[in-house]
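Written below as structure tokens is the structure these notes are about.
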There are 2 protein chains.
Amino acid sequence: MPSNRVVVIGAGPTGLEAARLAAELGSPVTLIEKKDVPGGMPIHADYAALTHHFRDASEAMAEMIDAVTSNDLIDIRTGTEVTAVDGEAGAFTVGLAANGSSESVDAGAIILATGFQHFDPGRETQQYQYYELPDVVTIADAEKMIKSGSFVTPSTGKTPERVAFIQCVGSRDRQIGNEYCSKVCCGISSKQAIEIRQMVPDARVFIFYIDMRMYGYWENEIYWPAQEEHKVNYIKGIITEILPKGGRLVVRGEDTTMGRPMEVEMDVVILAVGMEPSEGTTAMSGILNLPTNKYGFVETAHDILDTVTTTVPGIFAAGAAVGPADLDDSIASAGAAAAKAVSLIRSAGVPV
Amino acid sequence: MPSNRVVVIGAGPTGLEAARLAAELGSPVTLIEKKDVPGGMPIHADYAALTHHFRDASEAMAEMIDAVTSNDLIDIRTGTEVTAVDGEAGAFTVGLAANGSSESVDAGAIILATGFQHFDPGRETQQYQYYELPDVVTIADAEKMIKSGSFVTPSTGKTPERVAFIQCVGSRDRQIGNEYCSKVCCGISSKQAIEIRQMVPDARVFIFYIDMRMYGYWENEIYWPAQEEHKVNYIKGIITEILPKGGRLVVRGEDTTMGRPMEVEMDVVILAVGMEPSEGTTAMSGILNLPTNKYGFVETAHDILDTVTTTVPGIFAAGAAVGPADLDDSIASAGAAAAKAVSLIRSAGVPV
């Protein structure tokens, strides 16, 4: 039946922001989170600081969560899954399951905010031997290491002398099937490079890249300071393999600026893995009958200036559920989705 | 006095979207535009197609304008300037001037959407001789040429055989004072390169770049097709000067991948000029007492996950008024700003 409620699926940064704004605009909100704790990737993947403002991730997410839990119009359901959606724009029925019991809520509009997962570097990129070599880690692993307060070589527990980032792992790669650029990995790697240089001042840090996609203010706020203040070494090059040698790692490839083969020793190699649709995005696009693109991200209305309206009336999607997105993108699109969801409910004549 | 009205300043894509959404959320809106016609840069600079969906710019903007002019809650004032702002969040008074007469409107919140202007390549980049050589144009000029339906060498009126783009003109440049990346120029140049290849199939098109910032889906939707289907030639290189020679242009610089000096002849050279704050952004930040960053863009609350809340309560800013932004950014931030403006008015207890 007609409802002024907005159901938001996913309680990461995007879902938290969308829920808060929809409630501030007068709609009651049910915020569904599969995990037992809200906060999304910054909490569940133990992010240290957020890109690009170096804000402490736990602190930033705690503020976002507080804003939602303190709003009487928002009913936050953790440990809960969406099992079915019926009805149409203005009058959806959303089936929920938690702890073995099920129920349903009415909703005038739905916002999908189920986000991304990190590319698994074991999949078809065996040349980097992620699962074989303990000192080959991902940027997700590196966040945890940085957050722990002590950045050491995993296999030895010692302070590393040389650390390398390899960009575009699982992105811009036809063989893997992810032709898109994951947008945030250049920024995150540069942020981590600065953090590692601060934690281990004697370590040399290298970033091997194709193009450094430090767009907008990331250029002057991260990329220039990384080079000038923190002495991070950026090398345009392609890395083809990583091999163990005498307790260290040998990184082989080509320095494309110098036009010559390259073989350098490292203590830790960090793979800048890209974004893929999360399990939640895949599952929900099925339940909500949302078309996805060839990569599995949710399709939005492609030919209009609108990044949040899906092809199903009344269902909006924001953040990385629709494709690679940085935090600014996620938060802005959450705001747009909240505005459009509440606007749709108002236009259906339901009081908000 | 307390008002539920939102005043939106600037009727480009960002302002049009913010006005429409604020009205759909129930607030009366006054949309102020200095020029006599709404539509912003896509209309006033004669854009051909929008990046990245190749949508006809006039058609897309006509739809956005129709949505605003057909909404009874929106009072659109073209040929009108904001002369003063008094009051505080929830109860601003905005002074307006048009055709020699003045008046004022009350507003609960204000959204600044005054956008950017293209970098003037005559300023401190004389090595490219933009004002001396007729066949050296900007991406803004090239949009007009493409929109005209016939892409010719300006000095001769003949079909060009060789066309080059030079990236990062007025961006990523400490000497000029614009250290930031303008974010959109790589995408716009690539879009134009495709359009030129389609209009002049015999022409060879080159893009000289530092890093191709084809983030997210721009990679697979523009950058790959530009190379694979449209045979655009991307060359990592630095161009230091352009000289006239026998009716053509000699482009000199260094091919940084090949590590050698480069001297190539071109018929048309297109400078990928970046974004700077528009005159409107500069003027309005003064009138609204909004702090700006060192580049003159409006500062937003820097350490929170919010790209539209300024440091002055009740005043929001969206789109390129706060820094380099693509159309997706502009439209999403317009939605977020509309949501936050109406939310603020509701929280002040004014009925919406």
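Take the cross-link list A:K147/A:K191; A:K144/A:K191; A:K340/B:K294; A:K183/B:K191; A:K158/A:K231 and give me the ones stretching past 24 Å between alpha-carbons.
A:K340/B:K294
Given Cβ point charges of +1 (Lys, Arg) and -1 (Asp, Glu) and nothing else, what value in debye, to the nearest 20, does the dipole of the protein assembly as shown about its Cα centre take? Please list the in-between numbers first.
Working: 54 positive and 92 negative charges, 187 e Å.
Dipole of the protein assembly as shown, to the nearest 20 debye: 900 debye.
How much accessible surface does B:M275 have with a 1.4 Å probe, in Å² rounded to 10?
Here the residue's solvent-accessible area equals roughly 10 Å².
Among bridges DSSP assigns within region A:118-275, what percent are antiparallel (round to 5)?
Of all bridge pairs located within region A:118-275, approximately 50 percent are antiparallel.
In sequence order, what are the phi-derived ³J(HN,Hα) couplings for region A:89-101 according to the Karplus relation 6.51 cos²θ - 1.76 cosθ + 1.60 with θ = phi - 60°, rounded to whole Hz, with x for glycine and proline?
Per residue, the Karplus-derived 3J(HN,Hα) values read 3, x, 8, 8, 10, 10, x, 10, 9, 8, 6, x, 10 Hz.
Using DSSP to define loop residues, name the trypsin sites (Lys or Arg not before Pro) in region B:223-282 whose beta-carbon has at most 14 other beta-carbon atoms within 10 Å.
B:K231
Take every Cα-Cα distance within region A:198-248, group them into 10 Å bins from 0 onward, and report for each bin the whole-number percent of pairs it holds.
With a bin width of 10 Å, the distribution comes to 20, 43, 29, 7, 0.
Using the alpha carbon gyration tensor of chain B, what are the three equivalent-ellipsoid semi-axes (square root of 5 times each eigenvalue), largest first, in whole Å?
Calculated on Cα positions only, the semi-axes equal 41, 20, 18 Å.
Please report the accessible area of A:I210 (heavy atoms, 1.4 Å probe, ligands and nucleic acids excluded) in Å², nearest 10.
70
Run through the other copies and list how far each one's label point is from that of B:Q127, in nm with one decimal, shortest first; the point sits 7 Å from Cα along Cα-Cβ.
Counterpart label points of B:Q127 in the remaining copies fall at 3.5 nm.
Give, rounded to the nearest 20 debye, the magnitude of the charge dipole that region A:118-275 has about its Cα centre when Lys and Arg contribute +1 at Cβ and Asp and Glu contribute -1 at Cβ.
It comes to approximately 60 debye.
Could you work out, residue by residue across A:324-332, how many beta carbons of other chains sit within 10 Å of that residue's beta carbon, and then give the average as an integer?
6
Send over the Kirkwood Rh of region B:238-352, from the inverse of the averaged 1/r over different Cα pairs, rounded to one decimal Å.
Hydrodynamic radius (Kirkwood, Cα only) of region B:238-352 equals 17.6 Å.
List the residues whose amide H sits under 5 Å from the amide H of B:S104, counting only those 5 or more places along or on another chain, with H placed 1.01 Å from N in the peptide plane.
HN-HN under 5 Å from B:S104: B:L96.
Mind grabbing the interface size between B and A? I mean buried accessible area, both sides, 1.4 Å probe, in Å² to the nearest hundred.
Buried surface at the B/A interface: approximately 4900 Å².
Scan around A:V37 for amide H atoms under 5 Å from its own, H built in the peptide plane at 1.01 Å from N, and keep only partners 5 or more places away or cross-chain.
Amide H neighbours of A:V37: A:G79.
Probe of 1.4 angstrom, ligands and nucleic acids ignored: what's the accessible area per residue over region B:2-105, in square angstrom?
38
Report relative contact order for chain B in percent, whole number only (criteria: Cα-Cα under 8 Å, sequence separation at least 6).
In percent, rounded to a whole number, it is 22.
Per DSSP H run of at least 4 residues, take -39500 (n - 2.57); add these up for chain A, divide by its residues and hand me the 222 nm value, nearest 500 deg cm²/dmol.
-7500 deg cm²/dmol
Heavy-atom accessible area per residue, region A:118-275, 1.4 Å probe: how many Å²?
Details: 6010 Å² over 158 residues.
Ligands and nucleic acids excluded, the figure is 38 Å² per residue.
For region A:167-286, what's the relative contact order in percent, using C-alpha pairs closer than 8 Å and at least 6 residues apart?
On the way: 173 pairs, mean separation 30.7, N = 120.
Reported relative contact order: 26 percent.
Projecting each Cα onto the charge dipole of region A:23-104 (Lys/Arg +1, Asp/Glu -1 at the beta carbon, about the Cα centre), which of A:I65, A:V29, A:F54 comes out farthest on the positive side?
Projecting each Cα onto the dipole axis, the largest value belongs to A:F54.
Restricting attention to the alpha-carbon atoms of region A:31-100, what are Rg (one decimal) and Dmax (integer), both in Å?
That works out to 15.0, 43 Å for Rg and Dmax.
What residues qualify as long-range amide H neighbours of A:A49, i.e. H under 5 Å apart, gap of 5 or more or another chain, H built at 1.01 Å from N?
A:A57
Got a sec? Charge dipole of region A:228-352, +1 on Cβ for Lys and Arg, -1 for Asp and Glu; which of A:A336, A:L249, A:G237 is way out at the positive end?
My answer, from the dipole projection, is A:A336.
Rounded to whole Hz and in sequence order, give me ³J(HN,Hα) for region A:263-272 from the Karplus expression 6.51 cos²θ - 1.76 cosθ + 1.60, θ = phi - 60°, writing x for Gly and Pro.
These are the phi-based 3J(HN,Hα) values: 9, 10, 8, 9, 8, 10, 10, 10, 8, 7 Hz.
Please list, or write none, the aspartates and glutamates whose alpha carbon is within less than 12 Å of the alpha carbon of B:K34, excluding same-chain residues fewer than 8 places away.
Partners found: B:E81, B:E279.
For region A:118-275, what does the alpha-carbon gyration tensor say about shape, rounded, prolate or oblate, given a ≥ b ≥ c as the root eigenvalues, a/c under 1.5 as rounded, and a/b over b/c as prolate? Don't jump to the answer; show the numbers that get you there.
Values: a/c = 1.28, a/b = 1.02, b/c = 1.26.
The shape class here is rounded.
Looking at the square roots a ≥ b ≥ c of the eigenvalues of the Cα gyration tensor of the protein assembly as shown, which shape do they give, rounded for a/c under 1.5, prolate if a/b is larger than b/c, or oblate?
oblate
All other residues with a Cβ under 12 Å from the Cβ of A:A48 taken together, and with Lys, Arg as +1 and Asp, Glu as -1, what is their net charge?
Residues close to A:A48 contribute a combined charge of -2.
Residue by residue through region B:19-28, what is 3J(HN,Hα) from phi via Karplus (6.51 cos²θ - 1.76 cosθ + 1.60, θ = phi - 60°)? Round to whole Hz and write x for glycine and proline.
3J(HN,Hα) across region B:19-28, in whole Hz: 5, 4, 5, 4, 5, 5, 8, x, 7, x.
Using Cα springs under 10 Å in a Gaussian network model of chain A, which residue among A:D328, A:D36, A:D46 shows the largest mean-square fluctuation?
A:D36
With the cut-off at 1.5 for a/c, could you classify region A:76-143 from its C-alpha gyration tensor as rounded, prolate or oblate?
Here region A:76-143 falls in the prolate category.
Distance between the C-alpha centers of region B:71-150 and region A:200-242? Whole Å please.
Value for the Cα centre distance between the two parts: 36 Å.
Using a 1.4 Å probe over the heavy atoms of the protein chains, calculate the carbon and sulfur portion of the accessible area of the protein assembly as shown as a whole percent.
49
Got a sec? Which residues of region B:193-236 lose 40 Å² or more of accessible surface with every protein chain in place, vs. that chain alone, 1.4 Å probe?
B:D211, B:R213, B:Y215, B:G216, B:Y217, B:E219, B:N220, B:W224, B:K236
The values are calculated or read from the model by the stated rules, or taken from the named source; none is laboratory data. These numbers were taken from a predicted model, which means no experiment stands behind them. Cβ: placed from backbone, ideal geometry, glycine included. Neighbour counts: every protein chain shown. Note: accessible area is taken over every heavy atom of the protein model, side chains too, but ligands, DNA and RNA are not part of it. Shrake-Rupley method; radii C 1.70, N 1.55, O 1.52, S 1.80 Å.
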